[in-house]
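Presented below is the structure to which this report refers.
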Amino acid sequence: MIALVVRRLGWAILVAWFAATATFAAIAAIPSDPVRAIAPHATPEVAERMRAYYCLDRGFAGQYGCFLAHLARGELGESVRAGRPVTHVIAERAWPSLQLALAAIVLQLAVGVPLGVVAAARRRRWPDRATAAVTVLGQSAPPFLIGTLFLYVLAYRFGWFPLGGYGSGFFDRLWHLVLPAATCAAPGVAYSARTLRSDLIDALHADYVRTARAKGLSERRIVIGHALRNALGPLASITGLSFGLLVGGEVIAEYIFAWPGLGRELLLAVLDQDGPVIVGIVLVSALAIALANLAVDLVQLRLDPRLRE
């Protein structure tokens, strides 16, 4: 177990470094001047000092060396747009993104798991067909369309939810969180329901289920108490991957609903060509995905003891 965790952590660091390096190389290859994009009216002397301060007056090797030097000290440089350390910018935006990710995962499981269980238990009946229709819509509709519809219908037309923002106070923030979390959770609900339905149908045809039926156990107890646990492995993988991606920032939902998370900050950084912020958010996203995969591996070991061998 310890060897698995250490090995996965090593891979997580390697993946994060590769993702950050690839992003840094892509930004350096863009033929543009971030200083002129941020301060178009700066004098040539001021612009030159800004380039020297942010290591933009060097070649690719010099800029990358500057990036590695900051990274070795636990720093990510300074934001060209905000003039603050990137670590401070990410620290401010990480908590809202984490809240959105947790809320989306809760909605994904709260809706997707019951849909998958009902569809498997009522296979080839109307609940199964209704679940199939819902999952097809969830997988086919792009997030920007779902978010826009939620914003127009539920927030603007009916006024049930706020149009956007972060909110103040616990309950007000929860109210602001509903629509962006639902937008992020919609694709996950579809994938979770379809995956759980398929695996649960296979589990319901296993020998131990036939034995349970022969003992006279109720169908609900067989599905919930016996078959469901053995069908949760793929669902755990989907949930972990979704959580890792959401922690890194959901650009579309955060921008539509003005949610101050990493995704919205990443979009603003791309528009302003703020390379240090882009690289820092990509680094955090890669680490979040790698750590989520580690958590999924540990959950899989808990669900299936055979994997411990």
Next item on the list: Whole Å is fine, so just give me how far the alpha carbon centre of segment 96-140 lies from that of segment 217-294.
Entry: 16
Item checked: Pair SER198, ALA29: separation of 7 Å Cα→Cβ label points (nm) -> 3.4
Next item on the list: Subtracting the Cα-Cα distance from 0.36 nm times the residue separation, let me have the gained length for ALA258 to CYS66 in nm, one decimal.
Entry: 65.8 nm
Check: Nearest 0.05, what FRET efficiency do ILE2 and TRP175 give at R0 = 45 Å with Cβ-Cβ as r?
Finding: 0.55
Checklist line | Computed E for LEU298/ASP57 - FRET, C-beta separation, R0 45 angstrom, nearest 0.05 | finding: 0.45
Item checked: Modelled label reach - LEU154, point 7 Å along Cα→Cβ, segment 179-206 residues with backbone N closer than 19 Å -> 179-193
Next item on the list: For GLU78, enumerate residues with amide H under 5 Å from its amide H, sequence gap 5+ or separate chain, H modeled in the peptide plane.
Entry: VAL86
Check: Taking K and R as +1 and D and E as -1, what net charge do the other residues with C-beta under 13 Å from the C-beta of ILE90 add up to?
Finding: -2
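So what is the relative contact order of segment 86-308, in percent, for Cα pairs below 8 Å that sit 6 or more residues apart?
RCO, segment 86-308: 29 percent.
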Notebook entry, point to check: How much net charge surrounds LEU246 when only the other residues with a Cβ under 15 Å from the Cβ of LEU246 are counted, with Lys and Arg +1 and Asp and Glu -1?
Noted result: -1
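Each value in this text was obtained by applying a stated rule to the coordinates, not by laboratory testing. Everything numeric in this text was worked out from a predicted model, so none of it was measured. Ideal geometry is used to build each Cβ from the backbone, glycine not excepted, and the neighbour counts take in all protein chains shown.
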